[in-house]
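Take a look at the structure set out below.
The values are calculated or read from the model by the stated rules, or taken from the named source; none is laboratory data. Treat the numbers as computed from the prediction; the structure is a model and nothing was measured. Cβ placement follows ideal geometry from the backbone for every residue including glycine, while neighbour counts extend to all protein chains displayed. Only protein heavy atoms, including side chains, enter the accessible area calculation; ligands, DNA and RNA are left aside. Shrake-Rupley method; radii C 1.70, N 1.55, O 1.52, S 1.80 Å.
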Amino acid sequence: MTTATFIKKPKRLRRLREGPLGAHLELFSARLLIEGHCQQSAWRNIRVVDDFGRWLTRKGLGIRNIDEGIVDRYMAFRTRYRHPFLSDRPALNRFLAVLRDVELIAPQRVSHLSAHEQIVTDFRHHLREQGGFAPKTIIGHLPTLRRFLAEHCALGSGDLSRLAAADIVSFVAHHAPHQSTRSTQHMCWSLRAFLRYLRYKGLIVIDLASAVPPVRTWRFASLPRYLAPGEVQKVLDAIDRRTALGLRDYAVLLLLARLGLRASEVTTMSLQDIDWQSGLVTICGKGRQRAQMPLPHEVGAAIGDYLQHGRPRSESRRVFLREWAPHIGFASAAAVTMIARVALERAKVDTPRKGAHVFRHTLATQLLRSGASLTQIGQLLRHHSHDSTRIYAKVDIEALRGLAVRWPGGAS
């Protein structure tokens, strides 16, 4: 019996099985087992479902009555009279999914969208189906879109036809002083995409995308942030590879440091992307471009060690999984960024930018100083534009010193 895997005390197990939802606990426990929950996590899940069933009985409700609205009512009760955990709602959502899989309750009803959310939903569908944009790119547009709709389209689609160039300029002028130049550029990019969509759909009659003001920046104004010689190895040496978490993080950081991968590329890496016989790994990069790269022995050994001794059992095809159940792939690249940040802090490496990208910059800088050309570096990093690679020319100080013109005042 699957439930007995998690509940060892016979008296407690018998009480659960005799409860109002006891007949469905085996299916629920099987789901928890597949997701990789430990005994404590599974017990919390089972306990809240059991309490939910007893609450249903007191309210005179049967299993056919269960839906998200009933769960909302129970959670209000649980918040007031119990000691709720953050895992309570996910546990009940998981239980509803199990019941729907065997068609014991009705499918989830589609909630009525607000006027603004309907616009957002239509725009997202357009970007996905017509534009072919990746989910990450689409999600990046949404904060600006929601803010703009709240400030200039209070009545929803009815206000779109009243938009004027002055509304666009005032929106950008109001928010630009409170964020970085890069964030303002992204805001304007999102705004132009949305205004082009409105023109395409015939919701506005003039081209308001051209009213979005440009954001001026100096090209190559900043220097790439990178680690000093020896600091990368210091970060790697600080990882405790005796634990499953350490095996995972070590493999992740080697991919960042030795291959210069982006955080998103590590996040989406799948088991089928690694060709162990040929020693190659396929990288899904920006713009859905796929490229094969050699897999260095050191990196391959670290990944293999994690897969054999650290990776939880899971049906997920992602290489790197969450530490805690459910054992699935990372939700976003932010997880890899956090792994890099924690590793840098653990090793007490002080750098202005603590994230995954600093390892990519460090690799490029080391290659340049070792004699690699900018073209070779651009090929390794899979840059689509030479401009993306030219910024690394500024870190070769000795080469630049020879190009410097003697100062007229006489000092060199």
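With only alpha-carbon atoms counted, please give the Rg and Dmax of the chain, in Å.
Rg then Dmax for the chain, in Å: 27.1, 94.
At a temperature of 4 °C and a viscosity of 1.567 mPa s, determine how fast segment 261-320 diffuses translationally according to Stokes-Einstein, using the Kirkwood radius over alpha-carbon pairs as Rh; express D in µm²/s, rounded to the nearest whole number.
107 µm²/s
Please report the carbon-and-sulfur percent of the accessible area for segment 1-42; probe 1.4 Å, protein heavy atoms only, DNA, RNA and ligands left out.
Looking at segment 1-42 in its full context, I get 56 percent from C and S.
Tell me the angle of helix 165-175 to the major Cα principal axis of the chain, expressed in degrees between 0 and 90 and rounded to the nearest ten.
Computed tilt is about 90 degrees.
How much of the pair distance distribution for segment 132-179 lies past 13 Å, counting alpha-carbon pairs only, in percent?
Summing the P(r) of segment 132-179 above 13 Å gives 65 percent of all pairs.
From the backbone phi of segment 41-48, what are the Karplus-calculated ³J(HN,Hα) couplings (6.51 cos²θ - 1.76 cosθ + 1.60, θ = phi - 60°) in whole Hz, Gly and Pro given as x?
Listing the rounded values in order: 5, 5, 4, 5, 4, 5, 5, 5 Hz.
Which whole-number percent gives the relative contact order of the chain, counting Cα pairs below 8 Å spaced six or more residues apart?
RCO, the chain: 13 percent.
Can you give the longest stretch of the chain with no exposed loop site, where a site means GluC sites (Glu not before Pro) in a DSSP loop (not H, G, I, E or B) with at most 16 other C-beta atoms within 10 Å?
104-314
Would you mind checking the tilt of helix 181-200 against the longest principal axis of the Cα atoms of the chain, expressed as 0 to 90 degrees and rounded to 10?
The angle comes out at about 70 degrees.
Expressed as a fraction of 2.2 N^0.38 Å, the rule-of-thumb size for a compact globular protein of N residues, what is the C-alpha radius of gyration of segment 40-182?
Compactness ratio reported: 1.49.
Put +1 on the Cβ of each Lys and Arg and -1 on the Cβ of each Asp and Glu in the chain; which of Ile283, Gly19, Ala211 then has its Cα farthest toward the positive end of the dipole?
Gly19
How are the C-alpha pair distances of segment 47-106 spread across 5 Å bins, as whole percents from the shortest bin up?
Bin by bin from 0 Å, the calculated values are 4, 18, 34, 27, 13, 4, 1.
According to a simple spin-label model (label point 7 Å from Cα along Cα-to-Cβ), what is the distance in nm between Asp101 and Ala115?
4.2 nm
What is the angle, in °, between the Cα long axis of helix 88-101 and the longest principal axis of the Cα atoms in the chain? Nearest 10 is fine, range 0 to 90.
Long axis of 88-101 versus the principal axis of the chain: about 70 degrees.
Working from the pairwise distances between different alpha carbons, so that the mean of 1/r is found and then inverted, what is segment 116-206's Kirkwood radius in Å?
Its Kirkwood hydrodynamic radius stands at 13.5 Å.
Given the convex hull of the Cα atoms of segment 219-324, what is a quarter of its surface area in nm²?
8.5 nm²
Which is the longest run of the chain containing none of the chymotrypsin sites (Phe, Trp or Tyr not before Pro) found in DSSP loop states (not H, G, I, E, B) with at most 15 other C-beta atoms within 10 Å?
Here the longest segment lacking exposed loop sites spans 86-217.
Counting only helical runs of four or more DSSP H residues, what would the 222 nm mean residue ellipticity of the chain come to if each run contributes -39,500 (n - 2.57) and the total is spread over all its residues?
-16500 deg cm²/dmol
Full extension from His125 to Ala76: what is 0.36 nm times the residue separation minus their Cα-Cα distance, to one decimal in nm?
Contour length minus the Cα-Cα distance gives 14.2 nm.
For segment 301-354, take N as its residue count and report Rg(C-alpha) divided by 2.2 N^0.38 Å.
For segment 301-354, the normalised Cα radius of gyration is 1.32.
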